[in-house]
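Student: Attaching a single structure in structure tokens format; questions to follow.
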Amino acid sequence: MKISTANPKVRTITKEELAQKIKNAKPVQIVNVLGPEHYNLGFIKGSIRIPLDQLDNRWGVLDKNIEVVTYCASYDCPASGQAAEKLLTKGFKVSAYEGGINECKEAGLPIE
């Protein structure tokens, strides 16, 4: 895990760390923060869809007792870090996966 260069408050994880969290028996909430116009890119299997622009109104569907990982499209997309920062202010244990759905596909992680 490292600190985001875009936002030093946000911890980021690698695709290897994400894969381990997905395989781990410990629950994790994986949140896709892309808008519906990007749903054609696919989803990390089991992820929750909460677009960044709806996060302020929908963060209550998440459990503060379970770790959250946010993701978006790719390293070029800042939404995962922005969402993680918002959730940090709400008291969540959260990290951002900045590689996004594009890196997941390339790495062979489970995609829906």
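The values are calculated or read from the model by the stated rules, or taken from the named source; none is laboratory data. Since this is a predicted model, take the numbers as computed values, not measurements. Cβ atoms come from the backbone with ideal geometry, glycine included; neighbour counts cover every protein chain shown.
Student: Which count do you get for residues in segment 30-47 that are buried (at least 21 other Cβ atoms within 10 Å of the Cβ), part of a strand (DSSP E or B) and within 9 Å of the chain's Cα centre (by Cα)?
Tutor: 2
Student: Only one of Lys105, Lys86, Lys26, Lys21 is basic (Lys, Arg) and part of a loop (DSSP other than H, G, I, E, B); which?
Tutor: Every option except Lys26 fails the conditions.
Student: Looking at segment 1-17 only, could you name the residues that are out of contact with any Asp or Glu (no Cβ under 9 Å at 6 or more places or on another chain) and either under 10 Å from Gly81 (Cα atoms) or modelled with pLDDT under 90 (or both)?
Tutor: Answer for segment 1-17, where residues must be out of contact with any Asp or Glu (no Cβ under 9 Å at 6 or more places or on another chain) and either under 10 Å from Gly81 (Cα atoms) or modelled with pLDDT under 90 (or both): Lys2, Ile3, Thr5, Pro8, Arg11.
Student: Could you please give the count of residues in segment 23-55 that are charged (D, E, K, R) and at pLDDT below 95? Let's see the steps before the verdict.
Tutor: First, pick out the residues of segment 23-55 that are charged (D, E, K, R): 23, 26, 37, 45, 49, 53.
Still in the list and also at pLDDT below 95: 23, 26, 37, 45.
So the answer is 4.
Student: Turning to a different aspect of this structure: Which residues, counting only those in segment 36-86, are among the hydrophobic types (A, V, I, L, M, F, W, C) and in contact with a Lys or Arg (Cβ under 9 Å, 6 or more places away or on another chain)?
Tutor: Leu41, Phe43, Ile50, Leu52, Leu55, Trp59, Leu62, Ile66, Val68, Val69, Ala84
Student: Among the residues of segment 46-76, what is the count of those that are in contact (Cβ under 8 Å) with a residue 12 or more places away in the chain and either aliphatic (A, V, I, L, M) or over 20 Å from Lys21 (Cα atoms) (or both)?
Tutor: 14
Student: Could you tell me which residue of segment 60-82 is surrounded by the most Cβ atoms within 10 Å (Cβ to Cβ), considering only residues that are touching a Cys at 6+ places or on another chain (Cβ under 8 Å) and assigned to a helix (DSSP H, G or I)?
Tutor: So, considering only residues that are touching a Cys at 6+ places or on another chain (Cβ under 8 Å) and assigned to a helix (DSSP H, G or I), the one surrounded by the most Cβ atoms within 10 Å (Cβ to Cβ) is Ser80.
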